[in-house]
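**Q** Handing you a structure now.
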Amino acid sequence: MDPILRVVVAYAFLLGLFRLAGRRTLGDLSPFDFVLLLVISEFTQQAVVRDDPSLTAASVLCGSIVLLNVALSLIKARSHRLERWLEGVPVVLVEHGRPRRAAMRQARVDEEDILAAARSRQGLERMEQIRLAVLERTGGISVIPER
């Protein structure tokens, strides 16, 4: 198959596949979702660039992995215990300007990480200005300033 035709077919397939899978912004991707995107890109790259792998086989693999991810998201919506186990829970890192050292150690986050998030998101400069800093399930740090 001509490489340009392979690209067009792969593009159309992935466009349809992700429209069926549902919307999700890049900022809301979990680390696992990001890994799935990398795996899908590898399947697609092999089918588009190389001559030997079948575009059909790559489409089946991509479709299967997206279908499994959609099925798992539906199961997680019904089981909060499974969702917490797979996605984790938000972790409070700072309360009223006081770092929670044990939580920070467990999450492998230091004060500089928290202060960087506070500066970039809220314009805060000191730990005392932070009412709450939370490590979200997606890996980002949310900061709520003291009033």
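The values are calculated or read from the model by the stated rules, or taken from the named source; none is laboratory data. It should be emphasised that the depicted structure is a prediction, and the values quoted were computed from it without experimental measurement. FYI the Cβ positions are ideal-geometry reconstructions off the backbone, even for glycines, and counts take in every protein chain you see.
**Q** If only one of GLU136, GLU111 is more than 30 Å from TYR11 (Cβ to Cβ), charged (D, E, K, R) and touching a helix residue (DSSP H, G or I) at 6+ places or on another chain (Cβ under 9 Å), which one is it?
**A** Going through GLU136, GLU111 in turn, the sole match is GLU111.
**Q** Okay, next question. Taking into account only those residues within the stretch 8-33 that are modelled with pLDDT under 80 and hydrophobic (A, V, I, L, M, F, W, C), which is farthest from the chain's Cα centre (by Cα)?
**A** My answer is LEU20.
**Q** Restrict the check to the stretch 73-84 and report whether at least one residue is surrounded by fewer than 17 Cβ atoms within 10 Å (Cβ to Cβ), assigned by TED's automatic domain parsing to the domain that holds ALA21, within 29 Å of ALA12 (Cβ to Cβ) and at pLDDT below 85.
**A** yes
**Q** I'm checking my understanding of the structure. Among residues of the stretch 79-136 that are charged (D, E, K, R) and touching a Lys or Arg at 6+ places or on another chain (Cβ under 8 Å), which one is farthest from SER30 (Cα to Cα)?
**A** GLU125
**Q** Name the pairs whose Cβ atoms lie under 9 Å apart, with the first residue in the stretch 54-71 and free of Cβ contacts under 8 Å to residues at least 12 places away in the same chain, the second of a type in the set (S, T, N, Q) and surrounded by fewer than 18 Cβ atoms within 10 Å (Cβ to Cβ), and 6 or more positions between them or separate chains?
**A** VAL60/SER54
**Q** Also, I was wondering about something else. Provide a single number: the residues in the stretch 87-143 that are exposed (fewer than 15 other Cβ atoms within 10 Å of the Cβ) and among the aliphatic types (A, V, I, L, M).
**A** Number satisfying all stated conditions: 4.
**Q** Please list, ordered by residue number, the helices (runs of 4 or more DSSP H) wholly in the stretch 62-147 having 1 or more residues that are in contact with a Gly (Cβ under 9 Å, 6 or more places away or on another chain) and farther than 29 Å from PHE43 by Cα.
**A** 111-122
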